[in-house]
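Below is one structure, written out as structure tokens; comments come after it.
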Amino acid sequence: MERATTTSPPLAKAAIQRWLQLRISEVIQTPADQVDVTLPFSYYGLDSVATLGISGEMQIWLGRKLSPTLTWDHPNIERLAAFLAHDDA
Amino acid sequence: MNGFRRARWLDRELDRELDVPLYPYYIPRELGGAFVSLEEVGALVRVVARRDMTTALSHAFGLLGAVTVWLAGDATQQRALAGLALAGERISVALREPGSGSDLLAMTATARPSGGGYRLTGDKWLDDDLAKIRIAIVYARTSERGGPRGFSLFLVDKAAIAGGVHVTGKAPGPCVRGAALDELRFDAQLPGTALIGAEGSGFQVLLTALQIARTICGALSLGALDTSVESVLRFALHAKVDGELVAELPHSQKLLCEAWAELLIGDSLTGVALRGMHAVSSQASVHSAVVKYLVSTLSEQAMQKLAVIHGARHHARPPDEDPGLFEQMVRDNHAVSLLDGGTGGTTQLSLFGLSHQLRSLVIHFEATAAQAAELPATDLPGWAHHASPPVELDWTRFSLSAGGEDAVLAGIDAGIDALRAWLGQRAADETSQALEASLVRLARSKQDLFTAVRALSVGQVAAGHPEGFELARRYCVVEAAAAVLIDWRLNRAALTSTLADPAVLAVVLQRLTAQLGDAISLPPQCYRDCFAALRARRETDGQCSLHVLPPE
């Protein structure tokens, strides 16, 4: 997995959203474009433990520490990407 | 109790053992306790578990409950809990439920806002005897929708809710002999100050506290295994088969050596993990899962081997020289997983959780491989050195994901190289050749594991595909090898009778590679030398552990 090159300025919401769509598309075996960004992660079979794993990979990709429970508080792709795009933590 | 005799002596034993002031050792010093390190806590409960798993488990439950308050409680709650515990009051946890088992997101006991506090209603299992405890940490649903933000933890003082809780029965099924597992019914008004942390944080806090409890589980299993090895060795040294001492039979020696090697692996892994909880706390989600799975599994496998040596006596309790000690340890060790809030399948839960981190762990390892390979021996993590003081524990640094980092595994390539270099300076005897062959297999297995993880899809992991579990299992074994190599590199001056002995190390590496399905057959001399080391260890120190523990 390639690392995101920088965190300043934060990655655009669209790039983060796309990365998450690709991850989910691996889970449900469908093209990434067909992954609805407004549906909860649980809809795609990702439970609270599974999303912790996604957070770990995303942390490496973004190159910065993330709270592993971000997906619990922002439980779909759109909300998580929006949060990360505007979060400098 | 549920078909199992509740021996009265165990009650007396429990009360007597609990009089030993262990509570202070897991209460922070700023709260009046004597906490130094989790490694010390692990060593203490291991000593207790060597004699009596019931007492050790009671302390482990108390520790789990207390840790939730150290992690998320406010200053008033922390002072109150510490004060009560130091005054001799017992703490336990009420997490699981009769109808929901150990699924933390399926619990139905509910705490609803009421009168400035909460109304707690529903049934729970208490991991203790209600009559004997004062404080229970209760896990309850605070949101109808549930989910990871739908549960909270409460610090419940039994004395403050008199009449609000009563025992409705005992948990069904086998449990540790002599241990109580009360089924409770709550209908109690709790003050608002009973809430631990923010409302909805219970699931997260509990998963974090379980990282510590799971690692302490390793110490419990190892205590039971330590007694088992010692007990069966004692038996083998006086029992005869066809006029020959059992201990003189090569097959007996091999089985005893293997069981001892598995004990040493568990000790090394658990010790490194507990020290790592201070120094690399954010990686505890990985280290705790590895310990919980592998130490439980190795202990049970080792006990099965020891049962072969015990033969029919394993089933027919001898009334004279050994009052069923080994049999008791075998039985009680099975129940250690109860601490996790489960029914024996919790080792699989540990693998499932770990499987979700495998991809990030391997990606991170490979990304930093160049630096790791260049680590000289002197750059090994100082925190893993037994003589170094423990890093001050910061409870805020624990995390539910390691973010790909694993400081234990990071040194495995350098560890293999270091041992290989050391072997290059020794005479090329059979033991050296065996060690070299095992190192080749270990390196190959690690690389095969990484390749397989790379090929593992997110979908397979999310769906709980068996491949995810198998790769997580293999990761645990490779991690254990890394821990052994850390101990060998950093601490072998203090391990002259165990890992520093080439024959002992050869059996240890052979057992690890056997778990990876790629083991060599050791030459008979290795087992003879290893068995001699085991006998010497027991005769000199009276123990079989990796390190010499304080006397009981």
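The values are calculated or read from the model by the stated rules, or taken from the named source; none is laboratory data. Keep in mind that what you see is a predicted model, and the values were worked out from it rather than measured. Methodologically, a virtual Cβ is constructed for each residue, glycine included, from the backbone with ideal geometry; neighbour enumeration extends over all protein chains shown. Each accessible area value is taken on the protein alone, full model and side chains, heavy atoms only, with ligands, DNA and RNA left out. Shrake-Rupley method; radii C 1.70, N 1.55, O 1.52, S 1.80 Å.
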Spin-label proximity, B:Glu392 to region B:35-66 - amide N less than 16 Å from point 7 Å beyond Cα toward beta carbon: B:35-38
Within chain B, helix-based [θ] at 222 nm, where runs of 4 or more DSSP H residues each add -39,500 (n - 2.57), nearest 500: -17500 deg cm²/dmol
Sequence ranges B:533-546, B:383-396, B:498-511, ranked by mean other-Cβ count within 10 angstrom, highest first: B:498-511, B:533-546, B:383-396
Accessible area buried, both sides summed, chains A and B with 1.4 Å probe, Å²: 2000 Å²
Packing rank of B:253-261, B:281-289, where each peptide gets the mean count of other beta carbons within 10 Å, highest leading: B:281-289, B:253-261
Within 10 Å of each Cβ in B:353-361, the average number of Cβ atoms from other chains: 5
Translational diffusion of chain B, µm² s⁻¹ [Kirkwood Rh, Cα pairs; Stokes-Einstein; 25 °C; 0.890 mPa s]: 102 µm²/s
Cα pair count fraction exceeding 21 Å, expressed as % - chain A: 21 percent
Pairs of Lys in the protein assembly as shown closer than 22 Å at Cα, counting only those 8 or more apart or on different chains: 12
Complex-versus-alone comparison for region B:389-418, residues with a loss of 30 Å² or more in accessible area, probe 1.4 Å: B:Leu400, B:Ser401, B:Gly403
Peptide B:65-75, shielding by other chains (average Cβ, 10 Å cutoff): 0
Cα-derived Rg to Rh of the protein assembly as shown, Kirkwood definition: 0.97
Percent accessible area from carbon and sulfur atoms, the protein assembly as shown, protein chains only, probe 1.4 Å: 54 percent
Average beta carbon contacts from partner chains per residue of A:42-52, 10 Å cutoff: 6
Inter-probe distance in nm under a simple model that places probes 7 Å from Cα toward Cβ, at B:Thr76 and A:Ala82: 3.7 nm
Per-pair calculated FRET efficiency, R0 = 41 Å: B:Asp429 and B:Arg234 via Cβ, rounded to 0.05: 0.85
DSSP loop trypsin sites (Lys or Arg not before Pro) with at most 11 other Cβ within 10 Å: longest gap in chain A: A:4-64
Ordering of A:35-41, B:207-213 by packing [mean C-beta count within 10 Å, highest first]: B:207-213, A:35-41
Convex hull per residue volume in Å³, alpha carbons only, for region B:44-161: 126 Å³
Chain A: calculated mean residue ellipticity at 222 nm from DSSP helix runs of at least 4, using -39500 (n - 2.57): -15000 deg cm²/dmol
Chain B: angle of helix B:358-367 to the longest principal axis, Cα-based, in degrees nearest 10: 50 degrees
Overall dimensions of region A:49-89 as given by Cα atoms, namely Rg and Dmax in Å: 9.3, 25
Whole-number D in µm²/s for region B:391-473 (Stokes-Einstein; Kirkwood sum over Cα pairs; 25 °C, 0.890 mPa s): 154 µm²/s
Largest to smallest principal axis extent of the C-alpha atoms in region B:109-215, angstrom: 39, 35, 22
Distance between modelled label sites at B:Ala131 and B:Thr193, nm, 7 Å Cα→Cβ extension: 3.1 nm
Distance between region B:439-479 and region B:222-252 - C-alpha centres, whole angstrom: 36 Å
Rg/Rg_globular for region B:400-552, with Rg_globular taken as 2.2 N^0.38 Å and Rg from C-alpha atoms: 1.16
